[in-house]
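Heads up, the thing below is written out as structure tokens.
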Amino acid sequence: MNGQLTFTRVSFTHETLSSPLFDGLSAVFPPGWTALAGVNGAGKTTLLSLAAGRLVAESGSITGAGFGERPAVYLAQDMETPPDFFADPSLVADTESLAIIARLGIGDDWPWRWDSLSGGERRRALVADALLKRPELLILDEPTNHLDASALALIASALGGFRGTGIAVSHNIGFLDSLCARTLILKRTGRGVVARAYDCPPSQAFDADRAEDERLRSARTVLSSEIERLGAMRSEAAAEVARGKKRLSKRDLDPKDHDGKGRIDAARVTGKDAASGAKEARLAARMARGAAALAALESPGLRKTGASLSGVRTRADSLFRLPGGTLTVAGGNLSIRHPELALGGADRVALTGDNGAGKTSFLLALLGRLAAGNIAYIPQEYDREGRARLLARLRALDAREKADAISIVYRLGSEPSSLLEAEI
């Protein structure tokens with residue numbers, strides 16, 4: 001497996017959008033791991049779906065790894081469906097497959113208790129399933145969700161042994177830096193989405209990309225100033241041409257003014273005013289070339305970033321107090337022994353533990369003991385029904401509230417149009 005994946009002038013428009021997301025996009029993914037980066041809404045998931053053959057380009061071509069005898073394997077964020085090797089143990093019959101299973105710490109009993117596995121355990125099983133299929137092209141969409149530090153190290157080690165062409169999207173820059181030697185950044189510019197490739201891990205690529213944005217802004221400023229300067233010179237040349245035409249006109253001369261006519265004829269022979277006209281034409285051509293160069297430059301957008309979460313300090317001494325003992329969670333399937341627990345109105349508490357230790361179940365149990373009030377709970381991810389409820393709530397807001405919500409979405413790096421135009 002040593003082929004690369006090539007996008008050549010690919011165009012694609014989502015049915016819900018009025019303009020193309022990609023319009024002549026070209027990119028190359030050589031063997032090895034490439035990190036795919038870009039703000040939310042820049043088209044990362046769409047590009048992954050095109051690479052996996054789940055979407056078909058309107059024009060252009062996608063060739064190479066994943067489009068031959070071995071189809072691409074797409075490891076999506078969704079973790080509802082158990083891996084294939086749980087139902088077909090024959091997929092783990094050779095030494096290499098057994099090594100993958102061992103490296104990822106897959107338990108012998110996992111196929112029989114998929115519903116009780118933690119998010120991190122499910123993720124490890126799905127990564128193992130992807131590697132067992134020996135694809136030419138392996139696509140990872142947020143593979144680090146739900147992972148603790150130890151599970152993250154297991155997955156990074158296992159994926160590092162993959163010898164095909166890999167594309168990874170993740171918000172965990174440390175993970176991408178350890179895995180990827182190349183980065184492709186999708187950028188929204190004045191000319192639509194473009195792809196910038198860097199032969200370095202993401203953390204270095206982001207620095208280089210910011211420098212490139214600054215270079216482009218500086219180049220646009222210089223070009224704009226030059227076009228403005230040429231415009232002033234052209235206006236002066238045009239005014240000179242207008243004055244010359246007036247001087248050369250015999251319209252207002254007395255028909256008997258033979259001396260005046262002679263002077264005008266002599267001026268026409270010298271060609272001085274023709275030279276002014278030629279100067280104006282040259283300046284106009286230089287302005288046109290400058291405008292074309294300006295249009296050819298990417299126009300990296302500047303956007304405000306960051307958002308805050310406001311809250312109200314409770315007047316109570318504590319939000320809850322729980323005597324030491326044992327808490328039964330996960331529908332009675334897990335018991336957690338704990339010391340006395342208390343949460344004050346200004347406390348900030350980190351809850352840590354290995355995947356499968358019961359952190360989420362424990363947190364939900366504690367939430368159930370909080371006094372009714374203004375409580376915001378943000379899960380790791382939303383299922384389809386949860387996403388539909390969120391979209392319905394967004395669209396039901398009044399104009400001011402919706403504008404505030406859209407502003408926060410934008411400042412957090414997402415494109416609001418992708419929410420407003422999404423299907424519920």
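The values are calculated or read from the model by the stated rules, or taken from the named source; none is laboratory data. Quantities reported herein were computed from a predicted structural model and do not represent experimental measurements. Note that we place each Cβ from the backbone using ideal geometry, even for glycine, and neighbour counts take in every protein chain shown. In case anyone asks, the SASA skips ligands and DNA or RNA and just uses the protein heavy atoms, side chains included. Shrake-Rupley method; radii C 1.70, N 1.55, O 1.52, S 1.80 Å.
Annotations for the structure displayed:
- Within the range 351-364, one or more residues are touching a residue at least 60 places away in the same chain (Cβ under 8 Å) and in a helix (DSSP H, G or I).
- For the range 342-370, the set of residues classified as open to solvent by 50 Å² or more (accessible area, probe 1.4 Å) and among the polar types (S, T, N, Q) consists of THR352, THR360, listed by residue number.
- A Cβ distance below 7 Å, combined with a sequence gap of six or more or placement on separate chains, defines the contacts here; from the range 209-221, residues that are more than 19 Å from ASP199 (Cα to Cα) and among the basic types (Lys, Arg) reach no residue that is part of a helix (DSSP H, G or I) and open to solvent by 60 Å² or more (accessible area, probe 1.4 Å).
- Looking across the range 146-159, the residues that are assigned to a helix (DSSP H, G or I), under 24 Å from the mean Cα position of the chain (by Cα) and in contact (Cβ under 8 Å) with a residue 24 or more places away in the chain come down to ILE155, LEU159.
- Of the residues making up the range 98-115, not one is under 28 Å from PHE29 (Cα atoms), in a loop (DSSP other than H, G, I, E, B) and open to solvent by 20 Å² or more (accessible area, probe 1.4 Å).
- Residue among THR13, THR6 that alone is over 13 Å from VAL193 (Cβ atoms) and free of Cβ contacts under 8 Å to residues at least 60 places away in the same chain: THR6
- THR63 surrounded by fewer than 14 Cβ atoms within 10 Å (Cβ to Cβ), part of a loop (DSSP other than H, G, I, E, B), out of contact with any Lys or Arg (no Cβ under 7 Å at 6 or more places or on another chain) and on the phi < 0 side of the Ramachandran plot: no
- As a summary of the residue check, GLY373 satisfies the conditions (1) at pLDDT below 70; (2) surrounded by 10 or more Cβ atoms within 10 Å (Cβ to Cβ); (3) of a type outside the set (A, V, I, L, M) except for the one numbered (2).
- Residue that is surrounded by the fewest Cβ atoms within 10 Å (Cβ to Cβ) [pool: residues in the range 376-393 that are within 19 Å of SER310 (Cα to Cα) and more than 22 Å from the chain's Cα centre (by Cα)]: ALA376
- Scanning the range 313-329 for residues that are assigned to a loop (DSSP other than H, G, I, E, B), modelled with pLDDT of 75 or more and of a type in the set (Gly, Ala, Ser) yields a count of 1.
- Answer residue from the range 11-44, given it is of a type in the set (Ser, Thr, Tyr) and modelled with pLDDT under 90 and is least open to solvent (accessible area, probe 1.4 Å) among those: THR13
- Each residue in the range 148-166 was checked for being open to solvent by 30 Å² or more (accessible area, probe 1.4 Å) and hydrophobic (A, V, I, L, M, F, W, C), and 4 of them qualify.
- Cβ pairs under 7 Å, 6+ apart, first in the range 167-195 and in contact (Cβ under 8 Å) with a residue 40 or more places away in the chain and open to solvent by 50 Å² or more (accessible area, probe 1.4 Å), second part of a strand (DSSP E or B) and small (Gly, Ala, Ser): ALA181/GLY32
- For the range 320-341, a residue qualifies if it is under 25 Å from SER116 (Cα atoms) and surrounded by 10 or more Cβ atoms within 10 Å (Cβ to Cβ), and the qualifying residues are GLY325, LEU327, THR328, VAL329, ALA330, ASN333, LEU334, SER335, ILE336, HIS338.
- Residue satisfying all of: in the range 116-136; touching a residue at least 60 places away in the same chain (Cβ under 8 Å) and in contact with a strand residue (DSSP E or B) (Cβ under 8 Å, 6 or more places away or on another chain); most open to solvent (accessible area, probe 1.4 Å) among these: LYS133
- Any hit, the range 170-184, residues being of a type in the set (Val, Ile, Thr), under 19 Å from the mean Cα position of the chain (by Cα) and over 14 Å from ASN355 (Cα atoms): yes
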